[in-house]
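What follows is a set of notes on a single structure, which appears directly below.
The values are calculated or read from the model by the stated rules, or taken from the named source; none is laboratory data. In this text, all values refer to a predicted model and were calculated from it rather than measured experimentally. We place every Cβ from the backbone using ideal geometry, glycine too, and count neighbours over all the protein chains shown.
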Amino acid sequence: MNKIIAIFLIILLNFAFLSAASLDERSKNISKHEMQSIIEFLSHDLLEGRTPGTRGGTLAEIYMTSLFKWMDLKPGFNGQYLQPLHLKGFTIDKLNLDTNGIQLANIDHIIGTWVGPEKDFSMEAEAVFVGFGITTHLWDWNDFKNVDVKDKFIIARVNDPGLFNEKIFEGKALTYFGRWRYHIEEAVRRGAAGILLIHTTETAGYGWQTVLNSWSGEEVFLQSDINNNLKFRGWIQENSLKKLLEAKKIDLAQLYEKSLKKSFKPIPLGFKIKVSGTCTSRDLVANNVIAEIPGKSPKKIVLSAHIDHLGMLDNKEGDNIINGAIDNASAVAAMMLTARLLKESQDHLYYTVVILACHAEEAGMLGSKHYVQTLPDRQNVIANINFESTPVWGKTSDFMAVGGEYSTLEDILKKVLETQGLTYSYFSMTDQGFYFRSDQYPFAQYNIPAVWISAGENDDSGEKKYSTFWKTKYHTVKDEYDPTWPLESLEQTVRITALLIDMMNKTQAVPQWKRKLTFPLEIR
Ligand SMILES: [Zn+2]
């Protein structure tokens with residue numbers, strides 16, 4: 001009997017070995033045409049930049065549903081592929097800011113969103129400078145010192161004080177508390193009526209044009225994020241703010257200096273800010289598209305990539321479509337090809353693998369946030385592996401997991417990389433807080449170890465094409481499909497991710513956090 005069990009075990013082990021070998025083999029033969037087909041379709045002009053609730057955004061959903069069916073994947077949301085997101089969209093048609101006898105009325109100075117049903121809006125409130133507007137026990141920092149800013153118009157710096165002092169926060173590495181989203185969330189918690197974020201290229205990490213591309217046109221929200229007092233949220237160029245302050249003989253440099261001290265307290269500026277203009281709002285529905293590859297365990301690994309992008313610029317002549325070929329069609333291709341490799345090895349899957357094609361990421365990771373917030377069996381999700389703007393150039397010698405340092409996912413990945421002769425690297429742009437800027441973040445916030453996985457920056461051209469993309473094409477009309485891309489780094493991303501999941505399956509690894517988290521956890 002023991003002998004029979006032993007033989008049976010040997011056969012089983014052989015099967016495991018064979019399947020691993022074949023996954024390994026198959027991952028070396030990913031067809032370039034297949035990778036191209038997904039990028040080419042999703043970034044086509046006819047998809048018009050894929051914003052939620054538009055024709056192009058809906059076509060992207062239909063396409064994903066169709067791919068899931070083609071691959072015979074199981075529907076992943078209550079027996080369906082589509083998980084609806086009920087959203088509210090606001091478009092400002094005209095915006096004026098009046099203060100101290102100065103009127104700022106165009107996008108060279110300010111941009112923002114009015115979040116309310118009024119078609120003609122007008123709001124005036126006392127201006128208060130709140131420094132960075134950060135409250136956290138993690139570095140024992142509280143910019144508000146219990147000063148009430150309810151119904152005020154707060155003016156906040158973006159980034160965190162670590163940018164200017166290596167010894168506080170995480171130094172130059174941006175924490176979640178330095179993200180503009182955090183500043184807005186804090187304004188909501190404090191009951192402010194309006195917020196103006198001060199734009200400088202240094203503190204934002206990108207130029208004014210990137211702000212304009214992200215903020216012009218419709219701003220979209222989950223209903224649950226707008227049931228609050230904050231009606232206006234926007235950005236002001238630093239030079240324009242300086243002019244407003246000079247009229248009151250206030251020196252911005254001095255305000256900045258105070259904001260770097262732990263003793264900082266909100267500073268009422270002694271004037272009011274008035275915003276007015278016209279706005280349209282609408283209800284819209286977009287859908288996450290979700291499939292599942294059931295494994296032996298109900299425990300899940302969620303693979304994710306967003307299908308939406310930024311749509312079209314309406315104030316620009318010539319090419320005005322922000323196609324999002326790299327952000328994020330290439331990443332969707334990486335996710336789908338990884339899913340296919342795993343589907344082909346389904347018999348050997350221990351963990352169930354969820355394929356989450358999420359919508360409305362560009363609007364604030366709304367699809368992934370809603371998915372995680374409403375997931376009935378969230379405790380079953382052991383990890384999220386997100387694909388974002390996957391590199392499309394030649395082979396790289398390195399590989400990275402943005403946010404890997406927070407969890408043991410990094411250690412598992414390093415083992416896989418060793419077997420493939422690749423080095424592990426950190427993204428050179430960590431000072432821009434990328435971990436908090438894509439769909440891995442809502443998972444991390446809900447206590448699920450999560451990474452954004454990608455081939456690294458050292459591609460074989462020696463030109464660091466990936467870093468160049470972020471500086472020159474990201475969120476612009478130039479993020480377009482190019483049929484001459486070699487896609488070798490995309491293939492590497494697929495291969496390493498498949499091997500990572502294979503290793504997690506074989507070892508039944510459950511990733512754990514391993515260091516101080518630099519973001520707040522949602523406790524629910
Ligand atoms: Zn993206």
Test for ALA455: is it within 21 Å of ASN29 (Cβ to Cβ) and in contact with a Phe, Trp or Tyr (Cβ under 7 Å, 6 or more places away or on another chain): yes
Which ones in the stretch 124-177 are more than 23 Å from LYS272 (Cβ to Cβ), part of a strand (DSSP E or B) and in contact (Cβ under 8 Å) with a residue 40 or more places away in the chain? THR135, THR136, TRP141
So ASP479, is it touching a Ser or Thr at 6+ places or on another chain (Cβ under 9 Å), crowded, with 21+ Cβ neighbours inside 10 Å, part of a loop (DSSP other than H, G, I, E, B) and not β-branched (Val, Ile, Thr): yes
Kindly indicate whether any position in the stretch 416-430 is assigned to a strand (DSSP E or B), within 16 Å of the ligand (Cβ to nearest atom), β-branched (Val, Ile, Thr) and modelled with pLDDT of 95 or more. no
Name every residue in the stretch 348-375 that is in contact with a helix residue (DSSP H, G or I) (Cβ under 6 Å, 6 or more places away or on another chain), within 13 Å of the ligand (Cβ to nearest atom) and assigned to a helix (DSSP H, G or I), in order of residue number. SER368
I'd like the full set of residues that are over 21 Å from LEU42 (Cβ atoms), away from the ligand (no atom under 16 Å from the Cβ) and touching a helix residue (DSSP H, G or I) at 6+ places or on another chain (Cβ under 7 Å), limited to the stretch 382-405. ALA383, GLY394, LYS395, THR396, PHE399, ALA401, GLY404
Give me the pairs: first residue in the stretch 259-280 and more than 18 Å from PHE164 (Cβ to Cβ), second residue acidic (Asp, Glu) and surrounded by fewer than 14 Cβ atoms within 10 Å (Cβ to Cβ), beta-carbon distance under 6 Å, and six or more apart or on different chains, which are they? THR278/ASP93; THR278/ASP120
The stretch 402-417 residues that are without any contact (Cβ under 8 Å) to a residue 60 or more places away in the chain, paired with ones that are assigned to a helix (DSSP H, G or I) and of a type in the set (D, E, K, R) (beta carbon under 6 Å, 6 or more apart): GLY404/GLU410
Residue, nearest to the chain's Cα centre (by Cα), within the stretch 132-167, restricted to residues that are surrounded by 14 or more Cβ atoms within 10 Å (Cβ to Cβ), of a type in the set (D, E, K, R) and under 26 Å from TYR206 (Cα atoms): ASP160
Residues (in a loop (DSSP other than H, G, I, E, B) and either within 25 Å of the chain's Cα centre (by Cα) or within 16 Å of the ligand (Cβ to nearest atom) (or both)) located in the stretch 296-320: LYS299, ILE307, ASP308, HIS309, LEU310, GLY311, LEU313, ASP314, ASN320
Any hit, the stretch 498-517, residues being within 16 Å of the ligand (Cβ to nearest atom), assigned to a helix (DSSP H, G or I), surrounded by 15 or more Cβ atoms within 10 Å (Cβ to Cβ) and not polar (S, T, N, Q): no
Confirm whether ASN323 is within 16 Å of the ligand (Cβ to nearest atom), assigned to a strand (DSSP E or B) and touching a residue at least 40 places away in the same chain (Cβ under 8 Å). no
Could you say whether any residue in the stretch 334-347 is surrounded by 24 or more Cβ atoms within 10 Å (Cβ to Cβ), under 30 Å from ALA187 (Cα atoms), within 16 Å of the ligand (Cβ to nearest atom) and not β-branched (Val, Ile, Thr)? no
In the set GLU238, GLU292, which member is acidic (Asp, Glu), within 30 Å of PHE169 (Cα to Cα) and touching a residue at least 24 places away in the same chain (Cβ under 8 Å)? GLU238
Failed item, numbered, when ASP482 is tested on (1) out of contact with any Lys or Arg (no Cβ under 9 Å at 6 or more places or on another chain); (2) within 16 Å of the ligand (Cβ to nearest atom); (3) among the acidic types (Asp, Glu): (2)
When the stretch 28-46 is examined, which residues are found to be in a helix (DSSP H, G or I) and more than 21 Å from the chain's Cα centre (by Cα)? LYS32, HIS33, GLU34, MET35, GLN36, SER37, GLU40, PHE41, ASP45, LEU46
In contact with a Gly (Cβ under 7 Å, 6 or more places away or on another chain) and closer than 30 Å to GLU463 by Cβ, is that true of SER389? no
(1) touching a residue at least 40 places away in the same chain (Cβ under 8 Å); (2) at negative phi; (3) of a type in the set (A, V, I, L, M, F, W, C) all hold for MET365 apart from (2)
Failed condition for ALA450, given (1) crowded, with 21+ Cβ neighbours inside 10 Å; (2) within 14 Å of the ligand (Cβ to nearest atom); (3) not polar (S, T, N, Q), with all others met? (2)
